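Single-structure report; data block below.
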Amino acid sequence: MKKTGLNRIWATGALMLSLAGCDLMAPGEIINPNVGEDTFLASDNAMETWMNGVEKELAVCMSDYVSLMEILSDNYYNTYSRSSKVFDIPQLLYTDVDVTNLQRHVGSLREMADYGLNTVAKHDRNTTDDDLFKLQVVKGFSLILAGDFFRALPMKNGGEVVEWQQQLATAVEVLGKAIGLASTQEKRALVNTLCARAAHRLGNRAQAVAFAQKAIEEAADFCHQVHFDHKNNVLNNAQSAIGGNWFQPLPRLDFLDPKYHLTSNDEQLPIVVAKAEENFLILAEAALAENQLAEAKKWMKSLLALVEKRPVRKEVNDQLEGRDGGGIRRYPNSSEYRVRASEKDSLRVGLVIDRHEPNLITVPFISGTSVTEAMVNGLAQHDDALELLYLLRQEIFFAEGRRPADLGIRMPVCEVEAAKAGNAAPFTQALVPDFIPMNYGLDDFVIDDPSKTVTIKYNMNRIIVEHAHTLDVVPFE
């Protein structure tokens, strides 16, 4: 990628000098443009400064991934012009600037982590094990992003592209180096959960189960988030899109929106990087793959108990949302509406909530779900349980940018990268499985006002299960 080497690293690192309170400043708090690499590395707080840059890049990366991956799915539809108008189709061209920028985030995180580990750490004697831990985690996470969302990407600046499976396998290796540096149970749970995520996508059931169980043993309710800083203009752009009226959720997910809500002009809500819920989902899916329905139901109910304990934000004013007027399509905005996931599904209440004045709403901001213990207890068939599990995955990871991976959608190598990597040509076309409805079908539904019902056109969780034995989805089957 053209800007993922040292030029981009130094641009990001220099920008963060002001946040670090660095001594390498010209008078008047203006960043000195003449600071060279040797001077920077010889400073007393080189690693502290570098880590500020890494954390900023991670925050910006997560904001962009959530914003774009949510519309590249059946979670949200983009009704506004300030974000991609083609990801909803879905259309993923290797010339698309958004595809390019998402790849640059991956490369930037990886290269910044490597530079911190291999160069800054060797020069700054104040480097701590916690610094090294964070850098290993960031590098591993960059490889997970590559493996979850792309067909192939380089694993070093200017290198040949490497397919997604190797990206994820390498992520597990890199994260393994972080375990010995983890100083708390929560940090060990974070690493094991990220490893479980990678192993799950690879279809390595035994490895995923082992990592998930270790994570639960360390911290069965941890949640690791990336934070933003309004004062220094490190903003959660997903909050503007989701908390505002740019994106509209599929009606059966209405009750979960907006996870990032606008409560004041300067509050920037964090985005989840990893949380304990993932481990319960993986263990339930592994049990189903082994035809152990009772075991799967046990893990699902444990998951529901955890979600029940997660905090919610009460009395959120979402009255300006405009679900039922304006925009390209009208959305239900009253709890009178019942929703079904397809024409073949039963109508459900409680999925759409009242936002009209004077109503204030309650919003889960870590995890929420419409699945109940009674629904889990009623499961008798493997496929029904698997469908419910993927509904849980969709709801639990809602507004966290995870859904496209479960749908089997993968982005191509971008044009800039393809021009540099000699082996990129086979990967310049996106992977959109044949069962994905095109022409905005992922977001399609019909409102019947007289009966106050909403019918989603495609129940994608059932479609996922129907194609579980393909290479695209449900890795354990």
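Would you be able to tell me the number of residues in region 42-97 that are among the acidic types (Asp, Glu) and crowded, with 24+ Cβ neighbours inside 10 Å? Step through it out loud before you land on a result.
Going residue by residue through region 42-97, those that are among the acidic types (Asp, Glu) are 44, 48, 55, 57, 64, 70, 74, 88, 96.
Narrowing further to those that are crowded, with 24+ Cβ neighbours inside 10 Å: 57, 70, 74.
Residues meeting the conditions: 3.
Going by the conditions given, is residue 179 touching a residue at least 60 places away in the same chain (Cβ under 8 Å) and either of a type in the set (Asp, Glu) or over 30 Å from residue 347 (Cβ atoms) (or both)?
Numbers: touching a residue at least 60 places away in the same chain (Cβ under 8 Å): no; either of a type in the set (Asp, Glu) or over 30 Å from residue 347 (Cβ atoms) (or both): yes.
Judged against the criteria, residue 179 is not a match.
Based on this model, can you work out whether residue 39 counts as open to solvent by 10 Å² or more (accessible area, probe 1.4 Å), touching a Gly at 6+ places or on another chain (Cβ under 7 Å) and modelled with pLDDT under 95?
Criteria not met by residue 39.
Inspect region 165-177 for any residue being within 21 Å of residue 470 (Cα to Cα) and in contact with a Phe, Trp or Tyr (Cβ under 9 Å, 6 or more places away or on another chain) and give the result as yes or no. Don't jump to the end; show me each part of the working.
Initial filter on region 165-177 (within 21 Å of residue 470 (Cα to Cα)): 165-169.
Now restrict to residues that are in contact with a Phe, Trp or Tyr (Cβ under 9 Å, 6 or more places away or on another chain): 167.
Scanning region 165-177 turns up at least one residue that is within 21 Å of residue 470 (Cα to Cα) and in contact with a Phe, Trp or Tyr (Cβ under 9 Å, 6 or more places away or on another chain).
Inspect all residues belonging to region 136-152 and state whether any of them is over 27 Å from residue 43 (Cα atoms) and polar (S, T, N, Q).
Narrowing region 136-152 to residues over 27 Å from residue 43 (Cα atoms): 140-152.
Then drop every residue that is not polar (S, T, N, Q), which leaves 142.
Yes, region 136-152 has at least one match.
Keeping to region 348-358, report how many residues are open to solvent by less than 60 Å² (accessible area, probe 1.4 Å) and either touching a residue at least 40 places away in the same chain (Cβ under 8 Å) or farther than 23 Å from residue 455 by Cα (or both).
Kept after step one, since they are open to solvent by less than 60 Å² (accessible area, probe 1.4 Å), are these residues of region 348-358: 350-355.
Checking the rest, the ones that are also either touching a residue at least 40 places away in the same chain (Cβ under 8 Å) or farther than 23 Å from residue 455 by Cα (or both) come to 350-353.
Here the count works out to 4.
Select, from 148, 131, the only residue that is assigned to a helix (DSSP H, G or I), under 22 Å from residue 406 (Cβ atoms) and acidic (Asp, Glu).
Working: 131 fails: under 22 Å from residue 406 (Cβ atoms).
Only one candidate passes the filter, namely 148.
For residue 374, indicate whether it is hydrophobic (A, V, I, L, M, F, W, C) and in contact (Cβ under 8 Å) with a residue 60 or more places away in the chain.
no
Which pairs have Cβ atoms under 7 Å, sit 6 or more apart or on different chains, and link a residue in region 284-296 that is more than 18 Å from residue 197 (Cβ to Cβ) to one that is in a helix (DSSP H, G or I) and hydrophobic (A, V, I, L, M, F, W, C)?
Pairs that qualify, where the first residue is more than 18 Å from residue 197 (Cβ to Cβ) and the partner is in a helix (DSSP H, G or I) and hydrophobic (A, V, I, L, M, F, W, C), are 293/385; 295/287; 296/284; 296/287; 296/288; 296/385.
In region 401-420, which residues are assigned to a loop (DSSP other than H, G, I, E, B) and within 17 Å of residue 461 (Cβ to Cβ)?
If the condition is that a residue be assigned to a loop (DSSP other than H, G, I, E, B) and within 17 Å of residue 461 (Cβ to Cβ), then 402, 408, 409 are the ones that fit.
The values are calculated or read from the model by the stated rules, or taken from the named source; none is laboratory data. Every value quoted in this text rests on a predicted model; they were computed, and no experiment measured them. Using ideal geometry, Cβ is built from the backbone for each residue, glycine included, and neighbour counts are taken over all protein chains shown. Areas reflect the complete protein model, heavy atoms only, side chains present, ligands, DNA and RNA absent. Shrake-Rupley method; radii C 1.70, N 1.55, O 1.52, S 1.80 Å.
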